[in-house]
Every structure is written in structure tokens, then in C-alpha cells.
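> Here it is: the structure, laid out below.
All of the numbers you see were taken from the coordinates with simple rules; none came from a lab. Keep in mind that this is a model prediction, so the values were computed, not measured. Note that we place each Cβ from the backbone using ideal geometry, even for glycine, and neighbour counts take in every protein chain shown.
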Amino acid sequence: MIDPSGTAPLDTAAGVPAAALSGPTHVPQTPAPPASGEAAPEPLPAAFADWPGEAPWQRLPEAARRSFRLSALLLAGVISMVAGGLPLLIALIDQEPHLPLRLLWTLPAVALIFGFALWRASVAYRSVRWRLDEDGLRVRRGRYWRTEVLVPRARVQHLDIERGPIERRYGLATLIVHTAGTRMNALRQPGFDEDTAARLRDALVPKIREVDLSPASPSPSPSPSPADAAVVAPRGD
């Protein structure tokens with residue numbers, strides 16, 4: 001059916017233009033340019049886009065989380081004893097009249113110290129990734145201040161494995177990689193299980209260059225100069 005105005009064909013059933021029945025028409029839209037004085041956002045570098053990273057980046061074992069938490073709790077206990085327990089003990093000995101008030105603000109402070117220690121240990125565990133490739137050992141750390149460390153194989157001097165009391169309890173070890181330079185040039189990463197730490201140590205040890213111990217071929221003796229070749233015959237008696 002034709003519209004009486006002669007502009008567009010109509011659907012005979014509903015009197016709707018046939019073009020409206022064919023579905024929506026997608027018109028490509030170009031993004032609006034940024035406003036004057038506003039810089040376009042720059043994409044994140046590929047190295048930090050997937051922080052802290054998925055495979056082939058590897059996480060620390062689950063036992064490292066418990067080890068980090070226990071170490072943090074012990075440290076928080078020491079800080080709480082020095083910052084809160086010692087003043088309370090002195091106040092108790094002196095029979096200070098405001099002891100209940102001092103105790104009232106000391107307990108929340110101690111709880112805050114322990115809570116922060118547990119949170120910091122969880123962040124330290126979740127934000128660590130490591131991988132071993134042809135270049136060397138790479139370690140990523142940090143959630144807000146992010147750091148990626150690369151230890152090239154060619155710069156490795158020697159490696160140490162440490163096992164403290166807490167690490168031995170959970171079957172963990174700390175890998176220490178010393179690189180060329182000063183004594184402070186070392187990567188220290190706790191939380192590896194003992195087998196992984198041993199494998200990384202063996203993989204990062206500099207390969208000993210083979211030395212050719214075959215006997216050297218004798219070098220030809222230098223030819224005498226003409227002056228040295230002249231022999232003076234002894235004079236007869």
C-alpha cells in the first residue's frame with residue numbers, strides 16, 4: 001500500500017512505514033574528541049596491565065599466607081607490649097588514679113595494631129608473583145606501590161637459602177640471590193616452599209665455563225737472526 005502523500009510505502013495491516021519494520025539501523029558513531037585542555041587517558045603498559053599477573057606468573061604457596069600472618073602477629077605483639085603494655089605496667093606500679101581511662105584507650109590501639117598487621121600480611125601474600133624464564137628470575141611485589149625485579153642469570157654471584165623457625169614449621173624457605181655489585185645488591189624473597197627454593201637455586205647458579213685442558217701444541221722455536229747465525233771458528237794454536 002502506498003502512503004497518500006507518496007513518500008513511503010505503508011504496511012497494509014498497521015499503516016506503519018515498511019522501513020520501520022525492518023529493524024533498527026546501526027549507525028557507526030565516532031567518539032567525541034576530548035574537551036579542550038583535557039588530555040586523553042593513556043593505556044596502561046602491558047607489563048602492568050594484568051598486575052600482579054596470571055600464568056605463567058606463579059603465586060606463593062598457601063602455607064606462605066599462614067607464615068606471613070604468624071610473623072605479623074608476633075611483631076604486632078612485640079609492638080603492643082612496648083607501646084601499650086609497658087606504660088600500663090608503670091601506671092599500675094605507680095597506682096595511677098587514671099588507670100581505667102588509660103586502659104580504655106590502650107585496648108583499641110592494640111586491636112588496631114593487630115588488625116593492621118593481619119591486613120598487611122594478607123596484602124603481602126596476594127601481591128607477590130614470580131616466574132623463571134630465559135632472562136632470569138622475575139618477582140612482582142606490591143599492591144599500591146608496585147615493583148617488578150628482574151635478576152639476570154649473568155649477574156648472579158651466589159645464592160642462599162634461609163629457614164627460620166616459622167618457615168621450618170610450614171616447610172618454607174627464603175631465597176636470597178646475590179648479584180654483581182655491592183653487598184646490598186641482593187634479592188630476598190620469603191615464602192617459597194623448600195623444593196621450589198632449591199630448584200630456583202639450582203636453575204640460577206651460573207654455569208661453569210668449560211676450560212680446555214688439552215696440552216698446548218709446542219710453539220715453533222724462533223729462527224735465529226743472521227747475526228746470531230754467524231759462528232766464529234776457534235783460532236788454532
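> Nothing charged except the Cβ atoms of Lys and Arg (+1) and of Asp and Glu (-1): what's the magnitude of the dipole of the range 126-182 about its Cα centre? Round to the nearest 20 debye. Let's see the in-between values first.
On the way: 13 positive and 7 negative charges, 77 e Å.
That gives a dipole near 380 debye.
> Among Leu70, Leu89, rank each residue by its count of other Cβ atoms within 10 Å, from fewest to most, as a rough exposure measure. Present the calculation step by step, with values, prior to reporting the outcome.
Numbers: Leu70 14, Leu89 11.
Listing Leu70, Leu89 from fewest to most nearby Cβ atoms yields Leu89, Leu70.
> So, in nm, how far is label Thr147 from label Arg131 when the simple model puts each one 7 Å beyond its Cα toward the Cβ?
Between Thr147 and Arg131, the label points sit 2.1 nm apart.
> Let me ask something additional. Largest first and in whole Å, what are the equivalent-ellipsoid semi-axes of the range 130-204 based on the Cα gyration tensor, each being the root of 5 times an eigenvalue? Please report the intermediate quantities before stating the final value.
Values: eigenvalues 76, 48, 31 Å².
The three semi-axes for the range 130-204 are 20, 15, 13 Å.
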